[in-house]
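Below are the C-alpha cells for one structure; questions will follow.
The values are calculated or read from the model by the stated rules, or taken from the named source; none is laboratory data. Model, not experiment: these values are computed from the prediction. Here the Cβ is made from the backbone with ideal geometry for all residues, glycine too, and neighbour counts use every protein chain on show.
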Amino acid sequence: MQTVRTGPALGFLAQVALLAGLGGTAGLGGAGWLVGTAYGAALCGLLTWGMHRSGARNLGPADWVTLARAVLVGGVAALTADSFDGPAPVRLLVVLTAVALVLDGVDGQVARRTGTVSALGARFDMEVDASLLLVLSLYAAHQVGAWVLVIGLMRYVFVVATWSLPWMQATLPPRYWRKVVAATQGVVLVAASAGVVPVPLMVAALMVALALLVESFGRDVIWLWARRRPAVSLATPRSR
C-alpha cells in the first residue's frame, strides 16, 4: 500500500513546491493557489485510484515523466486562474507549457524503450494532454473568444457520451494521428496565449486546429459506431 501511494504523494508535494516557486517569482494570487492546490490534490487522488484499479504497485519510468508533465500543467492552471483577476506572466506560462509539450514526446519513447508500456500509462498520458488543452483554451479565450473552449472541452464531451452510449465504451485501437493532433492543439494554443501572432491569423490557425480535432474525434466515433454490437431482439421467434 505504501509503495502505491509514493508516486502520487510525491506528485502532490512537487505541485505545492511549484506553486511556491510561482508565488515567489510571479506573485501567485489566492485564485492561483486555490486552483493549483485543488488540481494537485485531484491528481494525487485520481492517480492513486488508477493505480489501485490497475493493480500497479508503483509508477514506471515513463509514468514519472508524465507525472512531471502533469505537475507543470498544474502550474499553468494556477497562472490561468490568476489571469482572470489581472495580467498573467505570459512568458512564464509559455515556458511551463512548452516544457510540458516537449515531455509529451518523451514519455512514450521511455515506455517503449524500457518495455513498460501499460494501459494505466496510456490513460494517464491522455488525461494530462486533455487537461493541458482545457487550461490553455481557457486562457486563450481571453484573446480570441469563448468559442475556443470547444477545443479544451471536446475530450470531456466524448467521455460523457460514453456514459450513455454503451457502443462508445469499446477500446479504440492505437493511432499515432491522435498524438499529432493533440500536439498541434497545444502548439497553436500556446501561440495564441503568447499573443505573438496577429489576432486574425491566430483565429484562422485555431479554426484549422479545431477542424483537425473534430476530424480525429469524428473518425473514432465512426469506428466505434461501425463496430457496435447489434441490439438483442426480445421478440419470440415464430415456429415453422
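Of all residues in the range 26-59 being modelled with pLDDT of 90 or more and outside any helix (DSSP H, G or I), which is surrounded by the most Cβ atoms within 10 Å (Cβ to Cβ)?
Leu59
Looking at the range 70-88, can you tell me whether even one residue there is over 19 Å from Val106 (Cα atoms) and hydroxyl-bearing (Ser, Thr, Tyr)?
Yes: one or more hits.
Among Leu92, Leu132, Leu96, Leu120, which is the only one that is within 21 Å of Leu213 (Cα to Cα), part of a helix (DSSP H, G or I) and touching a residue at least 12 places away in the same chain (Cβ under 8 Å)?
Of Leu92, Leu132, Leu96, Leu120, the one residue that is within 21 Å of Leu213 (Cα to Cα), part of a helix (DSSP H, G or I) and touching a residue at least 12 places away in the same chain (Cβ under 8 Å) is Leu132.
Let me ask something additional. Of the residues that make up the range 79-94, is at least one modelled with pLDDT of 95 or more, under 24 Å from Ala140 (Cβ atoms), surrounded by fewer than 23 Cβ atoms within 10 Å (Cβ to Cβ) and within 20 Å of the chain's Cα centre (by Cα)?
No; the residues of the range 79-94 include none that is modelled with pLDDT of 95 or more, under 24 Å from Ala140 (Cβ atoms), surrounded by fewer than 23 Cβ atoms within 10 Å (Cβ to Cβ) and within 20 Å of the chain's Cα centre (by Cα).
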